[in-house]
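Working notes, beginning with the structure itself.
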Amino acid sequence: MQVSRQLLRQLAVRFGLVGESPQMVQAMTRLLQVAPTDLTVLVTGETGTGKEVFAHAVHDLSTRKKAPFVSVNCGAIPETLLESELFGAEKGAFTGSVEQRKGFFETANRGTIFLDEIGEMPIATQVKLLRILESGEYSRLGSSDVLKVDVRVVAATNRDLAYEVRQGRFRQDLFFRLNSVNIHLPPLRQHPDDIEHLVEHFAQKAADKNIVTYEGIDQAALNLLHRQTWPGNVRELRNVIETMVTLEQGARITEDMVLRYLPQNDSEQATVSTALMNIPTSNGRPQDFDVQMLYRTLLQLSTDVAEVKSVLRHLLSMSVDAAAAPAPVHHNAVPFDDGLAIRPRTPMPSAPSTEADQLDLATLERQAIETALRRTQGNRRDAAKLLGISERTLYRKIDDYGLI
């Protein structure tokens, strides 16, 4: 089955399913294939990738679209209450149960129930869920009467359920039953080409809601959005774009504007990433490498080196103290060597501090800013361009490092 551009636009307008990358087209193709059926669907992917949006689309494209759609977050309901919330309870079934109450499955009869974060569901509740999937039968808490329900189940999780099965936290038979049709949603960092489409979609929706005119986005701002890792995925991008368009009244999105509205840690990462991308090679052209991977490696390496230095200094200090102190004499005692203590023959002096010991990312960044200011004779606008960062970011860095 091939999905045309026209159909992709219809999915975007109707359900907010935006994306033209191969990964998203594959997910939408599977959605269109399975939605008209009554098959159970498992939607997998990281937090914020749009699993509930896909669940709504499955329901709205099915023959059950006129019946209820009930969404349940299994991770937000305490384990002691989840069973009664899902299957209902008789009067007096537990303390505080003063009347008979329907469960979510009964409410969703003839419709669709969306079980989000199903990996959080307790084993005992999983048994009852499997029974409903197999036969449509269940019993309210505190009752032995068997009831029947006609419900389609769409489940979602950001966990690896196959791993949870191996760890004994999820039933294998339930996993096989749920995984008959799997729609996997990739994290945003794996399909960055869709960011432009997502920005236009979210910005236009926010502009329409606030009755303003959206004036578009600069290429530099779009490039900056591409360089983010987006741990919150599409949800995080949507929040940033909606906030910008709403507060800036639809004004054209610039690089400086994006830096103001990005979370602080993402903004700092973008600054370092931009500087790294501008490092020239021997032939004078920018090096082509994975900036995000290099950035994470540098941070981890810096942390590891600091920890190793700290441990070595501590051990060295202990060994020097032990060598300087007189050894206690125990008569009739058998000498014991655990093989772990460090016992130098002579006290070792502390290692002299070198410039490399003090080198860290902050030092590198400060030196880069000082060099740029010297080359531009103190012109901060030109220095910012040379560094590939916004003037606002440069001003803040100058203030942080005291480079007045």
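Just so it is clear, none of the values below were taken in a lab; they were calculated from the coordinates. Treat the numbers as computed from the prediction; the structure is a model and nothing was measured. As a convention, Cβ positions derive from the backbone with ideal geometry for all residues, glycine included, and neighbour counts pool all protein chains shown.
Do any GluC sites (Glu not before Pro) in segment 59-166 lie in a loop, going by DSSP, with at most 10 other beta-carbon atoms within 10 Å of their beta carbon, and if so which?
Details: sites: Glu79, Glu83, Glu85, Glu90, Glu99, Glu106, Glu117, Glu120, Glu134, Glu137, Glu164; in loops: Glu90, Glu99, Glu117.
Sites meeting the loop and neighbour criteria: Glu99.
Count neighbours as other Cβ atoms within 10 Å of each site's Cβ, and list the trypsin sites (Lys or Arg not before Pro) in segment 141-195 that are DSSP loop with at most 16 such neighbours.
Details: sites: Lys148, Arg152, Arg159, Arg166, Arg169, Arg171, Arg177, Arg189; in loops: Arg159, Arg169, Arg171.
For trypsin sites (Lys or Arg not before Pro) across segment 141-195 that sit outside H, G, I, E and B with at most 16 neighbouring Cβ atoms in 10 Å, the list reads Arg159, Arg169.
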Practice item. Run down the lysines and flag those whose C-alpha is under 28 Å from the C-alpha of Lys66, throwing out any fewer than 8 positions away in its chain. Key: Lys51, Lys102, Lys128, Lys148, Lys205, Lys209
Review point. What are the lysines whose alpha-carbon lies under 21 Å from the alpha-carbon of Lys397, with same-chain residues fewer than 8 places away excluded?
Key: Lys385
Check your understanding: Efficiency by 1/(1 + (r/R0)^6): what FRET value for Asp400 and Arg166, r their Cβ-Cβ distance, R0 = 45 Å, to the nearest 0.05?
Key -> 0.40
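At 0.36 nm per residue, and after removing the present C-alpha to C-alpha distance, how many nm does the segment from Val212 to Arg131 gain when stretched out fully? The partial results should precede the final answer.
Values: separation 81, 0.36 × 81 = 29.16 nm, distance 5.18 nm.
Gain on stretching Val212 to Arg131: 24.0 nm.
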Practice item. Evaluate the distance, in nm, between pseudo-label points positioned 7 Å from the Cα of Val25 and of Asp173 along their respective Cα→Cβ axes. Key: 4.2
Study note, to complete from the structure: Computed from the beta carbon distance with a Förster radius of 25 Å, FRET efficiency for Arg252 and Gln367 to the nearest 0.05 stands at 0.15
Point to revise | Cβ-Cβ FRET estimate between Val3 and Ala124, R0 fixed at 45 Å, reported to 0.05 | key: 0.65
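Shape verdict for segment 97-148, please, from the Cα gyration tensor: rounded (a/c under 1.5), prolate (a/b greater than b/c) or oblate. Provide the component values of the computation, followed by the final result.
Values: a/c = 1.37, a/b = 1.29, b/c = 1.07.
Note, shape of segment 97-148 comes out rounded.
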